[in-house]
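Structure record follows, encoded as structure tokens.
The values are calculated or read from the model by the stated rules, or taken from the named source; none is laboratory data. Keep in mind the model is a prediction, meaning the values are calculated, not measured. When we count neighbours, we look across all protein chains shown, and the Cβ atoms used for this are built from the backbone with ideal geometry, even at glycine.
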Amino acid sequence: MNAMGGDVRVLHVDDDEDLAAIASDYLERESDRLSVATVTDPERALERVRSESFDCVVSDYQMPGMCGFQLLEAVRGEYPDLPFILFTGKGSEEVASEAVSAGVTDYLQKETGTEQYAVLANRVENAVAAARAEERAERQERITALVRDIDRRLVEADTVAAVDRAVCEAFADSETYRFAWIGEPDPETGEIAARAAAGGADEYLDGVTVRHDDTPRGRGPAGRAARTGEVQYAASVPEDETFEPWRAAAERHGFESVVAVPLSAEAGLHDVLAVYADTTDATSETERAVLAELGDTISEAQQAAETRRRLEGLHAVTRELVDAEAKAEVARLTVEAVRDTLGYPNNLVRLVDDDDRLRPVAISEGAELMLGDRPAYPVGEGTAGRAFADGETLVVDDVQAVDDGYDRKDARASMYVPIGDHGTLSIGDTAAGVFDDSDVYLAEIFAANAEAALDRVEQAETRKRQNERLSAFTSVVSHDLRNPLSVLVGSLPLAEETGEAEHFERCYGALDRMERLIDDLLRLAREGETVDSPAPVELAAVARDAWDTVDTAGADLRVETDATVVADGSRLRQLVENLARNSIEHGGDAVTVTVGDLPDGDGFFVADDGPGVPDDDRERVFESGFSTSPEGTGFGLAIVAEIASAHGWSVSVTDGDAGGARFEVRGVDARE
């Protein structure tokens, strides 16, 4: 039967050629919707029904070789729903009764005059309308049952592969369709690669190539659906010119029509569901609209399954991140998770260094191949630097359009996600505009987990430093304080017994050393705390104030700086004071101490012309309790290191220009 509405093709069978011709002419006059073909031989009529598409057969009753009832039986055996009207000159109740029993759609007796053809035309149109209505209802029931079946199967599918398989199998199991496959476009090859098939589709696909570009193999239904995002249809494969590249394969596999349904899209190209039927025009316009909505449902199920997979991967990665002991390990795990779980092979993690620059710490192989060596962005500069400074995810549809002086090689779509105050996660793609809200949501979840892991690493490092200080305290209490306490316990009875001054002097000396040890311990505990609110201070003024608090005797101070630095003024004064005191303790009363700027402008130095620090001791001088002076507590330079660390600075010792020790403090923020 032809399309659900429109013209009606009628096959009129009558052994009287003249009467057949007259009936054909009058029927077409009565209704411009009717198109009538005539045949005088019932056997020939049956052949034409098999080879052509007719909406109704009108047949005489008495014909040589095969009567109307026999023709009806033959037609009904192959096409049970095709309307069949018996139009005969032999009219009797017996014939009418037999016709009804035989299952004719309608019965009409021939009469004289032309009015009978108006009645026949009306009977034909009514019969076809009724048949088409019934066919529409049956089709609607079939497509509804198919949708219900697919919905049921989708509920049980928990992965994208399971969703694809369930959909293809449902179509292959349906009454209307024969086989189905789902494929995804490959932007690099231009082909649509099948990832699921059922009903023998894989055998068909083994021998064909389907593309999504504007080439002959990309102009079929699947290629058009991938490009346009709209349902495409080939109602008759043998007659569809766009199906020419696959026509021979279609004949071998016996399908007559194809409908291609677009699914989810990436980089402007849609995945495709292609469904094949072994009858022409197997999918009506209404059914195609239903399939378009079904495509949306399938896409949602695929996205839900993929989101579920990603979240499960996130949980697994989170467990690994909890165990990470270093920031570099957190960065590496994050890059691997984004690659394997989110499916983005091109990504990297930058962390903020002491110079306020976002430096690459971990980069995926894909990103390294696509981008090469990546620069360190100053905070606030470049795409990653801006995202970090703003504290908000930055999505750029095409990073090639960003004119900021940075070369991003083949990258197009890019996403920059802040990782708290630690750094950024950058994700790139060679296609433009591929990141949607779901991608941003999942990337931000990964970044939040990385932030929590980095916080834990920092907290562990803080605890480690605190434990080290606690260990130092324990050492002092158990050893360093015990020595002067023993001196005091031993000298005090002698002083009381003899009254001699030297015993009292030893007591006072022991008390003084205990006091200095306790002061240094308290200071060491306090100086390790992070500086929260630094402010500009003049380094020269701080140096002179620190010098005034030290027993300098005959020592000399030279200030060769006019720099203004950003620091906690009180702690900076303590740092300079401890370095000055260290110089006097080791260099003597005549030592000269110099405070000046480092040549590269990265900080300042405190140097002396004393004996310097031996190479073997330079790695230990900042350790708590280490001292080469019998008068020292061993905490002065440890306090210097803690103050520097609290500011985010570094401190090291080397040889001075005058041959003594030179302590260099780097990473200092200086103001003009």
Please determine, by comparing only the residues of region 117-157 that are of a type in the set (Gly, Ala, Ser) and touching a helix residue (DSSP H, G or I) at 6+ places or on another chain (Cβ under 7 Å), which one is surrounded by the fewest Cβ atoms within 10 Å (Cβ to Cβ).
Ala118
Please go through region 142-161 and give me each residue that is farther than 20 Å from Glu203 by Cα, outside any loop (DSSP other than H, G, I, E, B), in contact (Cβ under 8 Å) with a residue 24 or more places away in the chain and within 31 Å of the chain's Cα centre (by Cα), ordered by number.
Val147, Asp149, Ile150, Asp151, Leu154, Val160
Just the residues that are modelled with pLDDT of 85 or more, within 52 Å of the chain's Cα centre (by Cα) and part of a loop (DSSP other than H, G, I, E, B), please, taken from region 604-627.
Arg618, Arg620, Val621, Phe622
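Which is closer than 30 Å to Arg152 by Cβ, touching a residue at least 12 places away in the same chain (Cβ under 8 Å) and out of contact with any Cys (no Cβ under 7 Å at 6 or more places or on another chain), of Ala197, Ala166? Don't jump to the end; show me each part of the working.
On the way: Ala197 fails: out of contact with any Cys (no Cβ under 7 Å at 6 or more places or on another chain).
Within the list Ala197, Ala166, the selection yields Ala166.
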Any hit, region 213-231, residues being surrounded by 14 or more Cβ atoms within 10 Å (Cβ to Cβ), in contact (Cβ under 8 Å) with a residue 24 or more places away in the chain, in a loop (DSSP other than H, G, I, E, B) and polar (S, T, N, Q):
no
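Going by the structure shown, is Glu169 of a type in the set (Asp, Glu), farther than 14 Å from Ala301 by Cα, modelled with pLDDT of 90 or more and assigned to a helix (DSSP H, G or I)? Write out each step before concluding.
Working: of a type in the set (Asp, Glu): yes; farther than 14 Å from Ala301 by Cα: yes; modelled with pLDDT of 90 or more: yes; assigned to a helix (DSSP H, G or I): yes.
Taking the combined requirement at face value, the residue satisfies it.
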Out of curiosity, is Leu342 over 23 Å from Asp397 (Cα atoms), touching a residue at least 24 places away in the same chain (Cβ under 8 Å) and under 23 Å from the mean Cα position of the chain (by Cα)?
no
Checking Val457, Val440, Val434 in turn, the sole residue that is part of a helix (DSSP H, G or I), at pLDDT 85 or above and crowded, with 18+ Cβ neighbours inside 10 Å turns out to be Val457
Considering region 232-253 alone, what residues qualify as being in a loop (DSSP other than H, G, I, E, B) and not charged (D, E, K, R)?
Ala235, Ser236, Val237, Pro238
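Is it true that Gly220 is at pLDDT 95 or above and among the small types (Gly, Ala, Ser)? Please lay out each step first, then the result.
Details: at pLDDT 95 or above: yes; among the small types (Gly, Ala, Ser): yes.
In short, yes.
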I need the full set of residues from region 492-507 which are at pLDDT below 85, of a type in the set (Gly, Ala, Ser) and part of a helix (DSSP H, G or I), in order please.
Ala495
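Of all residues in region 40-77, count the ones that are in a helix (DSSP H, G or I) and small (Gly, Ala, Ser).
At the first step, the residues of region 40-77 found to be in a helix (DSSP H, G or I) are 42-51, 68-77.
Then keep just the ones that are small (Gly, Ala, Ser); that gives 45, 51, 68, 74, 77.
Residues in region 40-77 being in a helix (DSSP H, G or I) and small (Gly, Ala, Ser): 5 in total.
So, of the residues in region 323-359 that are small (Gly, Ala, Ser) and in a helix (DSSP H, G or I), which turns out to be surrounded by the most Cβ atoms within 10 Å (Cβ to Cβ)?
Just the residues of region 323-359 that are small (Gly, Ala, Ser), to begin with: 324, 326, 328, 331, 337, 343.
Imposing the further condition that a residue be in a helix (DSSP H, G or I) reduces the set to 328, 331, 337.
Numbers: Ala328: 14, Ala331: 26, Ala337: 22.
Among those that are small (Gly, Ala, Ser) and in a helix (DSSP H, G or I), it is Ala331.
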Just to verify a result, which residue in region 74-100, among those that are within 25 Å of Val8 (Cβ to Cβ) and loosely packed, with under 14 Cβ neighbours inside 10 Å, is farthest from the chain's Cα centre (by Cα)?
Gly89
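Please work out if Gly601 is farther than 30 Å from Ser533 by Cα and either of a type in the set (Phe, Trp, Tyr) or assigned to a loop (DSSP other than H, G, I, E, B) (or both).
On the way: farther than 30 Å from Ser533 by Cα: no; either of a type in the set (Phe, Trp, Tyr) or assigned to a loop (DSSP other than H, G, I, E, B) (or both): yes.
Taking the combined requirement at face value, the residue does not satisfy it.
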